[in-house]
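Below you'll find the structure, written out as structure tokens, and then a few comments.
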Amino acid sequence: MSPLRTILAFALLAITVVAQADEPRAHSAGPGVQVLPTPMAMPGLDRTRTIRVYLPPGYATSHKRYRVLYMHDGQNLFDDATSYVGEWGVDEAMDALAKSDGIELIVVGIDHGNEQRMHELAPWPNPKYGAAEGAQYMDFVVHTVKPWIDAHFRTRPGRGDTGIMGSSMGGLTSHYALFQYPDVFSKGGVISPSFWFSDQAYATVTPGKLRKGTRIWMSIGDKEGDESVPDVLRMEKALRALPPRTLDLHVHVIPGAEHNERAWRAEFPDAIRFLYGRR
């Protein structure tokens, strides 16, 4: 592995550690965010996971059903107090998008597993970083979390209304989810993806895997390492070679952006507009 990829790998591992501060940071999650009181058991992994749910404005006073976005690294999405080095501001962004664009979603955040994070979000093994638990993790999302959410909230559960999004290793496993569960997810946010982790990411891109009408937003900062942009452009080339009308793809190389929550927070509203807005 090149020195730059080694540095990036250590950065990814660092995300699994809760930042320590002299004084606790204040909670910043808005009133639309709730933490489910009981962590969910993860079949096949012998552990549990906290789930966080954002409900759009007006949910409590309407009878509407809502599209859903599933996201990884739930600690970093809504609340500065639980985040690693700052939150994505997903609840504030979604509140604003509801007013400006009429895009109202339920967003489900699945917490990462701290020291298990890299393994859980790895769809394929890596000789340096060990075993992959991504198949079990995504099975948990699809067969445990999603049915519970659909049963307890007013969702629109069909494929056309369901998306998945993540950054870094979460971007890698979101890419995997689109190809592994094409009947579940029609939209994917593949942000700062760790394609360096395994060449199997490219091998997944074969004709017939995706259903027509799939949308993918893929982005990378040009300050994330020398190989990061070429990796994404290599994936773009593979995706654009799929049969016509299979995929609505947007690839964004962001000038000056680094591998951090600040960049992902800035990218999030445009990604949502592309994935869930009118085309």
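Listing for the model above:
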item: Residue list for the stretch 228-247, restricted to those being farther than 11 Å from VAL205 by Cβ, in contact (Cβ under 8 Å) with a residue 12 or more places away in the chain and surrounded by fewer than 16 Cβ atoms within 10 Å (Cβ to Cβ); result: LEU233, PRO243, ARG245
item: Close pairs (7 angstrom Cβ cut-off, 6 or more residues apart or separate chains): within 24 Å of SER100 (Cβ to Cβ) in the stretch 249-270, of a type in the set (Val, Ile, Thr) and surrounded by fewer than 16 Cβ atoms within 10 Å (Cβ to Cβ) anywhere; result: GLU261/VAL85
item: Residues (surrounded by fewer than 16 Cβ atoms within 10 Å (Cβ to Cβ) and hydroxyl-bearing (Ser, Thr, Tyr)) located in the stretch 203-227; result: THR206
item: All positions within the stretch 39-53 that are within 13 Å of HIS112 (Cα to Cα) and assigned to a strand (DSSP E or B); result: MET40, MET42, ARG47, THR48, ARG49, ILE51, ARG52
item: Residue satisfying all of: in the stretch 120-129; closer than 14 Å to TYR176 by Cβ and of a type outside the set (A, V, I, L, M, F, W, C); surrounded by the most Cβ atoms within 10 Å (Cβ to Cβ) among these; result: GLU120
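Read the figures in this text as sums done on the coordinates, not as results from a lab. Predicted, not measured: the structure shown is a model, and the values here were computed from it. Positions of Cβ are generated from backbone atoms using ideal geometry, with glycine treated the same way; all protein chains shown enter the neighbour counts.
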